[in-house]
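One structure below.
The values are calculated or read from the model by the stated rules, or taken from the named source; none is laboratory data. From a predicted model like this one, the values you see are computed outputs, not experimental measurements. Neighbour counts are summed over all protein chains in view; Cβ atoms, including those assigned to glycine, are modelled from backbone coordinates with ideal geometry. Only protein heavy atoms, including side chains, enter the accessible area calculation; ligands, DNA and RNA are left aside. Shrake-Rupley method; radii C 1.70, N 1.55, O 1.52, S 1.80 Å.
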Amino acid sequence: MTTPVRRAGAFAALCTLSLAVPILGPELSAPIALVLALVAVAVTDGPVFDLFAFPDDYAEGRLFGLLTFILAATTLGLLAVNWSLPLSIFVGVVFLVGYGSLAETLARTRTDADILQTIAFGAVGSVAAIAGQLGARLATDAPLESAFPVVVFLAVSGTFLAALLRDVLISYDDPIVLLTVGLSLWLLYELEPTIDVAGIVVAIAITIAIGYVSYALGAASIAGMLTGILLALLTIVLGDYGWFAVLITFFGVGSLSTRFRYEQKTDRGVAEENDGARGSSNVIGNTAAALVAVVGFAASEADLLAVDPDLFLFAFAGSIATALSDTLSSEIGGVYDAPRLITTFERVEPGTDGGVTWQGELAGIVGAAAIAGMSYVAYPGVGHMGALVIGVAGFLGMTTDSVLGATLEGDLLGNQSVNFLATLAGALAGAVLYAVI
């Protein structure tokens, strides 16, 4: 059986062949993909089989891992040749996954620290993605210098998404990672992000620094850190630093509230799991609606949607106001006795889904007001009425979370699903109130 390093090296070398598409053209590169697919199907033993085989392939007697990877890469290649997926993104993503995986595998032989393995994947994957995109652009005589900031943005965004997916899935699922990252970067490219070299360097440095600090302080797991960095980077580039200020207010205040009387909340059984470290599901549940709003804003700015961009700004702020309001309500209210079920007002045990205290409700209102205030400062055009809209949207979203917790959570919905629906309600409330007022 081949070593993981040799297999990762073989896959990385195979990924380099993706440059054949922009260099040779689809007509001459298609036979290469066909031959590789035939090898994956026909070879059942011997040195080639040992070189590319994953452990599960030995049980099946077929190179299914290699075959699915080739099919995934070929699918992206076909989208690049026949649709509007840029060839540079196709090559960049293949390089990212191939060489990033090799770096992570090499790091695994030297350290058991998951964070160091993730850093190795991120650093090498980003460089490989940049090199792949620039190589494809050079082969097709596409502009290089003017496109460099966007190339870096796509490479880094794709790397964080790939690292997150690999953390959630397993290393054998690289075909899924390849397709997901490729299609995601295609969407980002169509949004026509505008940023210069200095801007993208600063944005990357800020988001990585904040993400790593959150991990080092125990406020986020590796997956939570990756999710937060990716969301923050997209928020800065597709929105601006005002959007980022609103987002980081939620992350900062929310993390501090998690530590509030943590031992007491642990004794009551209402503390956040994993010593308060937020995982990817928690971050996504609280910020997925906000991410959709950021993408919607960028799409409207790029004239892909005939919608007032400010509508998405208020949706974004409303969802974040909900997230912080609900977080403070739960983290602060959880240390007080005599909660009441929000639907019937009967007394329930602390930690009961849908149970609220007046202290928690007050803390939630303060959280919504904090996001409203930050939005007012970041965007003077929001005005007093706009800030009120955002605060009300946050309160309505928090209340939605409590009602869902009392009625559907546990039997039909999980906690993160409730968080998502609540922040979605806050986003819709913000957008609707903005449109009406």
Handout entry: Heavy-atom accessible surface of segment 376-432: percent carbon and sulfur, 1.4 Å
Key = 73 percent
Exercise for the section: Could you tally the net charge around Phe420, taking each other residue with its Cβ under 14 Å from the Cβ of Phe420, Lys/Arg +1 and Asp/Glu -1? Expected result: -3
Practice task
Just subtract the alpha-carbon distance of Leu38 and Glu192 from 0.36 nm times their residue separation and send over the number in nm, one decimal.
Solution key: 51.6 nm
Problem - Surface share of carbon and sulfur [accessible, 1.4 angstrom probe, percent] for segment 151-191 - result: 69 percent
Completion exercise
Projected onto their principal axes, the Cα atoms of segment 352-398 stretch, largest extent first, over whole-Å spans of 40, 14, 12
Fill in the blank from the handout: So, relative contact order of the chain in percent, Cα under 8 Å, 6 or more apart, is 12 percent
Fill in the blank from the handout: The answer for the longest stretch of the chain without any exposed GluC sites (Glu not before Pro) (DSSP loop, at most 11 further Cβ atoms within 10 Å) is 1-144
Handout entry: Accessible solvent surface per residue of the chain, calculated while the other protein chains remain in place, 1.4 angstrom probe, Å²
Key = 44 Å²
Fill in the blank from the handout: Note to self, the chain gives a 222 nm [θ] from helices alone (DSSP H runs n ≥ 4, -39500 (n - 2.57) apiece, / all residues, nearest 500) of -25000 deg cm²/dmol
Exercise for the section: Pick out, in residue order, every one of the chymotrypsin sites (Phe, Trp or Tyr not before Pro) in segment 333-430 that is DSSP loop and has at most 16 other C-beta atoms within 10 Å; say none if there are none. Expected result: Tyr336, Phe345
Problem - Local electrostatic count, Ile342, Cβ distance below 13 Å [Lys/Arg +1, Asp/Glu -1] - result: -4
Problem - Rounded FRET efficiency, nearest 0.05, which uses the C-beta distance separating Leu78 from Gln264 and R0 of 45 Å - result: 0.20
Fill in the blank from the handout: Normalised per residue, the volume inside the convex hull of the alpha-carbon atoms of the chain in Å³ amounts to 153 Å³
Fill in the blank from the handout: Ser402 neighbourhood, Cβ < 12 Å, K/R = +1, D/E = -1, net charge -4
Completion exercise
Along the dipole axis of the chain (charges at Cβ: +1 for Lys and Arg, -1 for Asp and Glu; origin at the Cα centre), the most positive-end residue among Ala302, Ala232, Pro22 is Pro22
Completion exercise
Here the gain from full extension of Thr407 to Leu305, 0.36 nm per residue of separation minus their alpha-carbon distance, amounts to 33.1 nm
